[in-house]
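Data first, discussion second: the structure below is written as structure tokens.
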Amino acid sequence: QYHSGSLSNQTIITGDTFHFNDQWAMQSVVSTSFLSSETWSSAGKVTSQNSADGVVSPTVSLMYKPTSKITAYATWANSVEQSDQAPTSTTNPVLTVTNSGQFLAPYHDQEYEVGVKYAVTPALLATFALFDMTRPFASAVVSPTNSTVETFEVVGTQRNKGAEFFLQGNVYTDLTVFGGISYIDARLINTGVAVTD
């Protein structure tokens, strides 16, 4: 039976901002990730291994500054993250998980965001943004040939659309307060099951 597991994640981040003029600029950031996961049985035998070495995750932002107090931006990001881990048991005692305790292959996420930052005063910054994020969605699927086993696997996409508003301000020289509110419309899509979508 599944006993334990480990995750490892190292990332190298490089980036730069290029100013076309006083109003337009582009910022690019590249993250290079080295991910690995491993699980063992109670007897110490390796039951699963996954790794992704040198995976590049780019982020590109185009920024426009019409006045000294306002900055508008549009961002696209494609990132990699550790995946979900298969459950070790099911709520149905008749079923067995074929990949119990195993980590799936690393996920690739994508995000689009547009926003505006407004310097209300030199000590107070307001930010409003709209975003659209997608990531793989995993769930247990019963085998079509054997109704007593199920496999934990990617079955669709989780899509999060929303808006956020934040305020950041200096209360004292050494004290900054940050807070805000977010609205998220989270949906599952392309799962192949209408009731799940």
| query | For the chain, which whole percent of the accessible surface, found with a 1.4 angstrom probe, sits on carbon and sulfur atoms? | reply | 57 percent
| request: State to the nearest 20 debye the size of the charge dipole of region 1-90 about its Cα centre, where the only charges are +1 on K and R beta carbons and -1 on D and E beta carbons. | output: 160 debye
| task | Give the total of Lys-Lys pairs in the chain with Cα-Cα distances below 27 Å; include a pair only if its members are 8 or more places apart or on different chains. | result | 4
| said: Using Cα-Cα distances under 8 Å and only pairs 6 or more residues apart, what relative contact order does region 1-110 have, in percent? | reply: 24 percent
| remark: From highest to lowest solvent-accessible area (probe 1.4 Å; ligands, DNA and RNA excluded), 84, 197 read 197, 84
| query | Which one of 87, 122, 58 has the biggest mean-square fluctuation once the chain is modelled by GNM with Cα springs under 10 Å? | reply | 122
| note | Any residue on another chain or 5+ positions along whose placed amide H is under 5 Å from the amide H of residue 84 is listed here as 104
| Largest to smallest accessible area among 62, 35 [probe 1.4 Å] | 62, 35
| note | Contact order relative to length for the chain, counting C-alpha pairs under 8 Å separated by 6 or more residues, stands in percent at 14 percent
| task | Name the residue farthest towards the positive end of the dipole of the chain from the options 98, 43, 24, assuming +1 on Cβ of Lys and Arg, -1 on Cβ of Asp and Glu, about the Cα centre. | result | 24
| message | Taking every pair of distinct Cα atoms and averaging 1/r, then inverting, what Kirkwood hydrodynamic radius in Å comes out for the chain? | response | 20.2 Å
| remark: Along region 183-197, Karplus-curve 3J(HN,Hα) (6.51, -1.76, 1.60; θ = phi - 60°) to the nearest Hz, with x for Gly and Pro, reads 10, 10, 9, 9, 9, 9, 9, 6, 7, x, 10, 4, 5, 6, 4
| Amide H within-cut-off set for residue 99, under 5 Å, with H built and near neighbours excluded | 152
| From phi via Karplus (6.51, -1.76, 1.60), per-residue ³J(HN,Hα) for region 94-99 in Hz, x at Gly/Pro | 6, 8, 10, 8, 5, 10
| request: Throw me the Rg/Rh for region 15-82, computed over C-alpha atoms with Kirkwood Rh, two decimals. | output: 1.33
| request: Might you tell me the accessible area per residue for the chain, computed with a 1.4 Å probe and given in Å²? | output: 62 Å²
| field | HN-Hα J in Hz across region 140-156 - Karplus 6.51, -1.76, 1.60, θ = phi - 60°, x for Gly and Pro | value | 7, 10, 6, 4, x, 9, 9, 6, 9, 10, 9, 10, 7, 8, 6, 10, x
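The values are calculated or read from the model by the stated rules, or taken from the named source; none is laboratory data. Every value quoted in this text rests on a predicted model; they were computed, and no experiment measured them. Ideal geometry is used to build each Cβ from the backbone, glycine not excepted, and the neighbour counts take in all protein chains shown. Accessible surface areas use protein heavy atoms only, side chains included; no ligands, DNA or RNA. Shrake-Rupley method; radii C 1.70, N 1.55, O 1.52, S 1.80 Å.
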